[in-house]
Amino acid sequence: MYRYDEFDHRLVNERVAQFRRQVARRLDGELTEDQFKPLRLMNGLYLQLHAYMLRVNVPYGVLSTRQLRKLAMIARRYDRDYGHFTTRQNIQYNWVSLEDTPDILAALAEVEMTAMQSSGNCVRNITADQYAGRAADELEDPRVWCELIRQYSLLNPEFAYLPRKFKIAVTGSPNDRAAVAVHDIGLRMHHDDNGRAGFEVLVGGGQGRTPVIGRTIRDWIEPEHILSYIEAILRVYNLYGRRDNIYKARIKILVNALGIDKFRELVETEWAALRGGELTIPEEEIERIERYFAPPAWETLFDQGEAMRAQAAAEPEFGAWLEANTAAHKAPGYMIVNLSLKATGHEPGDLDADRMDRVADLADRFSLGELRVSHRQNLVFADVRQQDALELWRALRELGLATPNIGKLTDMIACPGLDYCALANARSIPVAQDISRHFTAVDKLHAIGDLTINISGCMNACGHHHVGNIGILGVDKQGQEFFQLTLGGASDQHAALGDRLGRALPQAEVPAAIERIVDCYLDLRAADETFLDTYRRVGIKPFKAAVYDDTAEVRRVA
Amino acid sequence: MTQVLTANRLGDGQVVFLTADGNWSTAIGDSLVAADDAFAEELLALGQRAERECEVIGPYLIEVRQEAGTIEAVAIREAIRANGPTVAYGPA
Ligand code: SF4
């Protein structure tokens with residue numbers, strides 16, 4: 001992974017010292033809250049419903065075990081023994097104090113982590129495929145580009161005050177696991193006929209109250225020009241993006257208002273002036289960053305598929321886990337393992353300090369001392385030897401991190417919702433818990449197949465509800481919490497926004513409604529169809545009837 | 001409308017309520033209750049002074065219900081804010 005150089009260290013340490021002085025001045029009353037708030041937000045410190053919340057960046061979701069142990073220490077010493085992994089592959093602490101924050105930031109700096117730009121109207125944490133550099137289906141490692149963009153955008157004075165926050169995601173695989181189409185800028189890497197890499201650039205995607213699927217502004221750009229092209233987009237946005245209305249300030253609104261063609265024209269004009277200039281990335285620099293992400297020295301191993309199948313036959317629980325929670329690795333004899341943070345009834349994305357330490361121990365033992373955070377709020381061991389699968393599974397099961405549900409119905413994304421968030425309309429976590437307790441039968445989950453449920457507690461959509469196969473949005477109806485369902489959303493290479501199913505439901509009715517939707521799908525599906533396939537084929541009508549029309553024939557499964 | 005004054009403590013961010021002796025408590029049950037708007041305005045003025053003195057931030061009034069000696073926030077949001085998350089958290 002990337003390691004700080006002298007310059008990075010100095011910059012981060014100076015920033016911590018500066019914030020320490022700012023906090024002291026705030027506590028002394030030299031700064032008012034109005035003066036201080038933008039300063040604390042620049043360092044990732046929010047005031048939430050109950051307390052201060054600190055959001056710490058995990059650049060493109062990659063963590064060393066040394067970093068995870070530090071995160072555990074922070075949870076233990078400065079918070080309430082846990083942290084929450086978010087849809088930006090970051091971690092949030094919900095109970096930190098202002099007085100402690102400079103010490104927390106100093107502790108993070110020791111392991112090359114920061115909370116800079118995790119908030120505010122700037123370029124936020126760059127996100128990527130959690131399988132980056134390892135997936136069998138990958139063309140290019142996106143982390144190299146994420147790191148280059150991170151360095152370019154960190155404390156870039158020109159873009160410190162954008163009209164609104166700005167999110168960038170990169171995928172190097174044709175199977176998009178990074179939801180790039182719902183980002184302000186989404187980058188997809190492709191190969192040309194000669195096998196040379198390049199980027200397709202999407203712009204103006206986003207969620208929130210006006211969800212938009214990003215559009216391709218350029219279908220090919222050579223890698224060395226990617227920063228100048230991003231700069232051209234940021235400049236056009238900085239200049240023309242609206243600053244008078246917070247709800248109309250994201251780049252998607254500008255792209256919609258101008259139309260993609262006009263927007264492209266402005267960007268291309270800007271880029272014509274920048275192209276070939278100082279933002280062109282020298283080959284040595286690309287190579288230098290690539291070296292940080294060079295594949296580790298994998299052992300020469302043989303595929304253990306047959307042996308694992310035999311183990312699975314002897315131990316069906318292991319088989320279910322193998323089927324759902326692992327993915328194909330590019331090196332023979334290796335595999336990618338997902339750690340589910342979605343055990344039955346668990347708060348999606350939460351992990352306590354002790355288990356952080358245990359996970360770090362396991363990653364040292366089984367996955368070359370590194371792990372990943374996924375935007376679906378799980379953890380990933382990217383370099384596991386297949387011959388260790390059974391042993392790792394046993395260890396993970398003991399920690400409650402081996403629920404065989406990755407990509408299945410109970411692998412839900414849920415934002416913090418009204419239990420923590422000052423902006424919420426409704427609680428998300430209890431809804432996720434209800435659904436998870438309703439669908440505990442592994443056989444049924446696996447029979448249902450791949451199905452994402454995403455839950456947000458308000459229309460800011462941090463829980464990605466618009467792009468869940470089933471989306472759940474918390475709404476406030478005269479002081480009561482209700483939940484609006486959408487169907488058909490997707491965040492992969494065929495990204496789509498969900499369609500509204502019908503009137504919002506009270507919390508108690510949500511699990512049964514999900515069950516009716518699922519049963520309707522099981523009734524209608526043709527061989528091998530996923531939920532989404534069936535939905536796209538039959539449309540919303542039968543599902544509407546299944547949920548709202550009590551005269552419809554509803555098959556109930558005990 | 002029966003109201004109490006709430007804020008967050010500046011140093012540690014905890015949710016606090018203004019008490020009869022002019023202190024701030026983390027328990028809503030300790031709150032000084034204003035039975036009418038005029039008194040509530042006085043509480044708010046006290047809160048604003050405490051904010052200037054860097055004790056708390058963002059003081060505001062919330063509606064409460066008093067029953068059998070307890071004080072409960074009326075709105076769900078305020079009840080959750082006063083009582084903490086409705087879900088378990090941290091180590092099992
Ligand atoms: S979606 Fe709304 S409730 Fe959920 S975390 Fe975002 S702002 Fe808060």
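The values are calculated or read from the model by the stated rules, or taken from the named source; none is laboratory data. From a predicted model like this one, the values you see are computed outputs, not experimental measurements. Virtual Cβ from ideal backbone geometry, glycine too; neighbours counted across all protein chains shown. Protein only, heavy atoms only, side chains kept; ligands, DNA and RNA dropped before computing areas. Shrake-Rupley method; radii C 1.70, N 1.55, O 1.52, S 1.80 Å.
Would you call A:VAL475 within 14 Å of chain B (Cβ to nearest Cβ), outside any helix (DSSP H, G or I) and more than 9 Å from the ligand (Cβ to nearest atom)?
Against the criterion (within 14 Å of chain B (Cβ to nearest Cβ), outside any helix (DSSP H, G or I) and more than 9 Å from the ligand (Cβ to nearest atom)), A:VAL475 qualifies.
Looking at this structure, is A:VAL23 within 12 Å of chain B (Cβ to nearest Cβ) and either part of a helix (DSSP H, G or I) or in contact (Cβ under 8 Å) with a residue 24 or more places away in the chain (or both)?
Criteria met by A:VAL23.
With respect to B:GLY22, determine if the residue is more than 14 Å from chain A (Cβ to nearest Cβ) and either under 30 Å from A:ARG25 (Cβ atoms) or not in a loop (DSSP other than H, G, I, E, B) (or both).
Here the answer is yes, as B:GLY22 does meet what is asked.
When segment B:34-92 is examined, which residues are found to be assigned to a helix (DSSP H, G or I), open to solvent by 30 Å² or more (accessible area, probe 1.4 Å) and within 11 Å of another protein chain (Cβ to nearest Cβ)?
Scanning segment B:34-92 gives B:GLU51, B:ARG52, B:ILE76, B:ARG77, B:ASN83.
Just for segment A:460-472: of the residues that are assigned to a loop (DSSP other than H, G, I, E, B) and open to solvent by 10 Å² or more (accessible area, probe 1.4 Å), which one is farthest from the ligand (Cβ to nearest atom)?
Looking at the filtered set, the residue picked out is A:ASN469.
Can you find, within segment A:415-440, the residue that is farthest from the ligand (Cβ to nearest atom) among those that are within 9 Å of chain B (Cβ to nearest Cβ) and over 18 Å from B:GLU78 (Cβ atoms)?
Here the residue is A:GLN433.
Considering segment A:1-45 alone, what residues qualify as being of a type in the set (Phe, Trp, Tyr) and touching a Leu at 6+ places or on another chain (Cβ under 8 Å)?
Scanning segment A:1-45 gives a single hit, A:PHE19.
Does A:THR410 satisfy being hydroxyl-bearing (Ser, Thr, Tyr), open to solvent by 20 Å² or more (accessible area, probe 1.4 Å) and more than 8 Å from the ligand (Cβ to nearest atom)?
No.
Matching residues to (1) within 15 Å of the chain's Cα centre (by Cα); (2) in the same structural domain as A:MET53 (by TED's automatic domain parsing); (3) surrounded by fewer than 21 Cβ atoms within 10 Å (Cβ to Cβ):
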position	(1), (2), (3)
A:SER119	no, no, yes
A:ALA128	yes, no, no
A:PRO163	no, no, no
A:THR171	yes, no, no
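Within segment A:267-282, track down each residue that is acidic (Asp, Glu) and surrounded by 11 or more Cβ atoms within 10 Å (Cβ to Cβ).
A:GLU268, A:GLU270
Restricting attention to segment A:215-225, does a residue exist that is touching a Lys or Arg at 6+ places or on another chain (Cβ under 6 Å) and open to solvent by less than 40 Å² (accessible area, probe 1.4 Å)?
Within segment A:215-225, one or more residues are touching a Lys or Arg at 6+ places or on another chain (Cβ under 6 Å) and open to solvent by less than 40 Å² (accessible area, probe 1.4 Å).
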